[in-house]
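Scroll down for the structure; my scribbles are underneath it.
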Amino acid sequence: MRCPSSEPASESDEEILDVDATAVKPVERLEELFSDMSKNLVYLCADDPVQYFDWNVSYSKASILGVEKQIITINDQFPGPILNTTTNNILNVNVHNNLDVPFLLTWNGIQQRRDSWQDGVPGTNCPIPPGQNWTYSIQVKDQIGSFFYYPSLALQRADGGFGPIRINNRIVIPTPFPTPAAEFDILVGDWYTTGHNELRASLDMGSSILNHPAGILINGQGPYGSNFTVKPGSLYRFRFSNVGLKTSINFRIQNHRMRLIEVEGSHTLQNYYDTLDIHPGQSYSVLVNADQPIGSYYMVASSRFLEPQLNSTAVLQYAGLGGVTPSFLSSQLPPGPNPNDYTYSIEQARSIRWNLTANAARPNPQGSFHYGSINITRTIVLENNAATIDNLRHYTVNGRIFVYPDTPLKLADYYQIPDVFTLDAIADGPSEVEGAPSAATSVVDADYKAFIQIVFQNPEPTLQSWHLDGYSFFVVGMGEGKWNDSMTSFNNKIDAIFRCTTQVYPNSWTAILLELDNEGMWNLRSMKEDRRYLGQELYLRVKGNGAPISPRDELPIPSNALKCGRASSLP
């Protein structure tokens, strides 16, 4: 439990404190278990360390891909600062919004166990108003791996505001690979020279301006803008995240193979890959041996399933003898897969498996959870589609175009405010939908502790990417055509990868299994930002059977919660 303390907040940007439990004052009320967030204090009564981050979000001017643009920086950094932590730590991230518009950060892949109040999406949080600040209090409970954060409002991700997250193992939990000499975070993604306000306005008018980006960035830089220096003979870890708006990326390193070790918090079978497809919202970790002759080598990020293909490059540079590093970059980039080869991509996806003998964030093997033996209590088939209404483009899930009300769904549910959303406004399958597409604030009422199957059905000719907040899930099947019940028998019930973002190939389906063990209001969204903005998302309300919610299952509303809409004046 988190407890109040008289210790002052740290002045440093990042500091870890070990809390002396004997100094904690007794409490009588549940609310007193939480710190005074206006002082940016969060403490834990046990041994979990606390980290403090003070982030200033502001605009800056930058010339990227040869075009000057107003970008969003955090502490004057683009990309933003790394959030480097260890599993079970408490993170207090005080975000100062110096923009002229509301702002929110979401933590892509961080499960926010029992605490969807900290999720940072508009269905759970009121935005931080211009000129104000708000402190997120996040415990990275029982998680390890590679993730990222980004702005969740109004296509602001198109202007930056994103950064990497590392969650490290505790020392007592060994990793199933050698300790690398160093680690590098690599954020790749498409880039538009048009700002987020103009992009949003164009989408509102029905434009397809997001169909083709201006280029691909590697850590906020165009071609040859990023360099990574390694020592000959050493082993390195590279953490990749696709932070772009909608484009799948293929990454490769000239003359070097990548040994996959982790996907969004799960240790994998350690297969070697010459190239790696990273779809929107996904994160991977690989090990690379610096075992080539001393010199410089291309690192290439290429667009997938896009014509014409876009390429961006960085340089892997070996530290030479005597401080002199010879450079002999070849004139040709190392080849990748055919830009439109879906077969290559789906076969690679199927080859990524869970390492059943590796430890996770707790000292037990990942494979000790035998998900394949649990009975499925509910199957939900979610079909994405495009719709045109009044000559404007929209995107649907089971015939519903998601619209946000004036009050976050989490606040409305907590205060029992009527007519904000209707449970089960979206059907469990596309076959149950009647009539033309319609707008709705779609919330699926899901039972706490249920074990369900979700099938993403994609009848369209473009790849989709889906992310679920609050959870990881088992990606148990992918196939062509239309899914039906008989295909469940082909599910991988042994070592399917456990992750939070999955792709769905054109005219295909992807099935996931999910244990609903995390109460809250959780966003399920397309990670292709134009589709999400134009309606392709929904929420899962995971709740018990009507009994009062225990703080063991879900934390109460934080004392510093922002209020807006019809909750503005509520206590």
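Residues in the stretch 48-102 that are of a type in the set (D, E, K, R) and in contact (Cβ under 8 Å) with a residue 60 or more places away in the chain were compared, and the one that is most open to solvent (accessible area, probe 1.4 Å) is D48.
Mind checking which residues of the stretch 183-227 are in a loop (DSSP other than H, G, I, E, B) and closer than 17 Å to D159 by Cα?
Y192, T193, T194, G195, H212, P213, A214, N219, G220, G222 - these are the residues of the stretch 183-227 that are in a loop (DSSP other than H, G, I, E, B) and closer than 17 Å to D159 by Cα.
Annotation: G320 fulfils all but one of (1) touching a strand residue (DSSP E or B) at 6+ places or on another chain (Cβ under 6 Å); (2) open to solvent by 10 Å² or more (accessible area, probe 1.4 Å); (3) of a type in the set (G, A, S); the unmet one is (1).
Candidates N391, N375: the one that is at pLDDT below 95, more than 27 Å from R566 (Cβ to Cβ) and out of contact with any Asp or Glu (no Cβ under 9 Å at 6 or more places or on another chain) is N391.
Suppose we filter T357, T388, T343 for residues that are open to solvent by 60 Å² or more (accessible area, probe 1.4 Å) and assigned to a loop (DSSP other than H, G, I, E, B); which single one remains?
Exactly one residue qualifies, and that residue is T357.
Taking the criterion of being touching a residue at least 12 places away in the same chain (Cβ under 8 Å) and either open to solvent by 40 Å² or more (accessible area, probe 1.4 Å) or of a type outside the set (A, V, I, L, M, F, W, C) (or both), the residues of the stretch 553-571 that qualify are D553, E554, P556, P558, S559, N560, L562, K563, G565, R566, L570. Applying the condition of being hydroxyl-bearing (S, T, Y), open to solvent by 10 Å² or more (accessible area, probe 1.4 Å) and more than 20 Å from R531 (Cα to Cα) to the stretch 406-465 and asking which residue is farthest from the chain's Cα centre (by Cα) yields S431.
Mind listing whichever residues of the stretch 108-151 are charged (D, E, K, R), surrounded by fewer than 24 Cβ atoms within 10 Å (Cβ to Cβ) and at negative phi? If the condition is that a residue be charged (D, E, K, R), surrounded by fewer than 24 Cβ atoms within 10 Å (Cβ to Cβ) and at negative phi, then R113, D115, K141 are the ones that fit. Of the strands (runs of 3 or more DSSP E) lying entirely inside the stretch 228-275, those containing at least 1 residues that are acidic (D, E) and either surrounded by 22 or more Cβ atoms within 10 Å (Cβ to Cβ) or at positive phi (or both) span 258-263. Inspection of the stretch 489-506 identifies at least one residue that is modelled with pLDDT under 95, of a type outside the set (A, V, I, L, M), open to solvent by 30 Å² or more (accessible area, probe 1.4 Å) and not in a loop (DSSP other than H, G, I, E, B).
Starting from residues that are acidic (D, E) and open to solvent by 10 Å² or more (accessible area, probe 1.4 Å), keep the ones in the stretch 152-189 and report whichever is nearest to Q118 (Cα to Cα). Step by step, filter the stretch 152-189, then rank; the result is D185.
The values are calculated or read from the model by the stated rules, or taken from the named source; none is laboratory data. This one's a predicted model, so the numbers in the text were calculated from it and none came from an experiment. FYI the Cβ positions are ideal-geometry reconstructions off the backbone, even for glycines, and counts take in every protein chain you see. SASA here: full protein model, heavy atoms, side chains in, ligands and nucleic acids out. Shrake-Rupley method; radii C 1.70, N 1.55, O 1.52, S 1.80 Å.
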